[in-house]
Amino acid sequence: MYMIEIILKDIALPLLVTFLTYVISSIFFSPISKWREIRDELIIASTQYANYLAYFKENKEGVKKLEDRGLYNTVEQDLRRLAGRILTLPDYPAYKFWKRYHLTPDEDIIEKIRGNLIGWANSLVEHEVYSSFRELCIEGLKKNLDLPNNYDLVKENHDLEMRNRKNK
């Protein structure tokens, strides 16, 4: 009888507490930790790739060729991978609980972030040095991450540029 009590108190109870702690932390707190991890990666990408632009040249036959295909592929894949990772956040069981307390973003913010990342990846290959659409994607991403941004100014410039293109 004494041996069973020792086993329950000294072995089974600590194992049960450890198991429950693991389950709670891996299931219940996983959306928050995943959001923080993705947010950190998005902030790093917005700084690391903000000025990246893949230039392409046309040869005499009119075929377009990228100057640095390797870096372009890396940047594009990183942005698309982040877009996919952010989209998986609502799949966690405790996501809706944390969304109520505004510790994880709403689905519409997640969709905006995903759209900005994909738009950014699509706008990497340009003829011009400046792309208002690429800047709009980057500033929109910063806005949705609650970082300092110039979204309203960039949006106004982009709209003006689009109106000017239509008038030509």
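The values are calculated or read from the model by the stated rules, or taken from the named source; none is laboratory data. The structure displayed is predicted, hence computed values, not measured ones. Because the Cβ atoms are built from the backbone with ideal geometry, glycine has one as well, and the counts that use them run over all protein chains shown. Side chains are part of the model used for accessible areas, which takes the heavy atoms of the whole protein and leaves out ligands, DNA and RNA. Shrake-Rupley method; radii C 1.70, N 1.55, O 1.52, S 1.80 Å.
Name the residues in the range 99-139 that are in contact with a helix residue (DSSP H, G or I) (Cβ under 7 Å, 6 or more places away or on another chain), surrounded by fewer than 16 Cβ atoms within 10 Å (Cβ to Cβ) and among the polar types (S, T, N, Q), would you?
If the condition is that a residue be in contact with a helix residue (DSSP H, G or I) (Cβ under 7 Å, 6 or more places away or on another chain), surrounded by fewer than 16 Cβ atoms within 10 Å (Cβ to Cβ) and among the polar types (S, T, N, Q), then no residue fits.
List every residue pair whose Cβ atoms sit under 7 Å apart, with the two residues 6 or more apart in sequence or on different chains, where the first one lies in the range 91-108 and is farther than 16 Å from I38 by Cα and the second, anywhere, is assigned to a helix (DSSP H, G or I) and open to solvent by 80 Å² or more (accessible area, probe 1.4 Å).
The qualifying pairs are P93/I27; A94/I27.
Taking the condition of being among the hydrophobic types (A, V, I, L, M, F, W, C), within 17 Å of Q48 (Cα to Cα) and either assigned to a helix (DSSP H, G or I) or modelled with pLDDT of 90 or more (or both), how many residues in the range 115-168 meet it?
10
Taking the range 88-98, which residues are open to solvent by less than 80 Å² (accessible area, probe 1.4 Å) and either touching a Gly at 6+ places or on another chain (Cβ under 6 Å) or part of a helix (DSSP H, G or I) (or both)?
Listed by number, the residues that qualify are L89, P90, Y95, F97, W98.
For the list (1) open to solvent by 50 Å² or more (accessible area, probe 1.4 Å); (2) at pLDDT below 95; (3) within 28 Å of I27 (Cβ to Cβ), I need the number of the one condition that R81 fails.
(2)
Sort through E37, E58 and tell me the only one that's out of contact with any Gly (no Cβ under 9 Å at 6 or more places or on another chain), surrounded by fewer than 16 Cβ atoms within 10 Å (Cβ to Cβ), at pLDDT below 85 and charged (D, E, K, R).
Exactly one residue qualifies, and that residue is E58.
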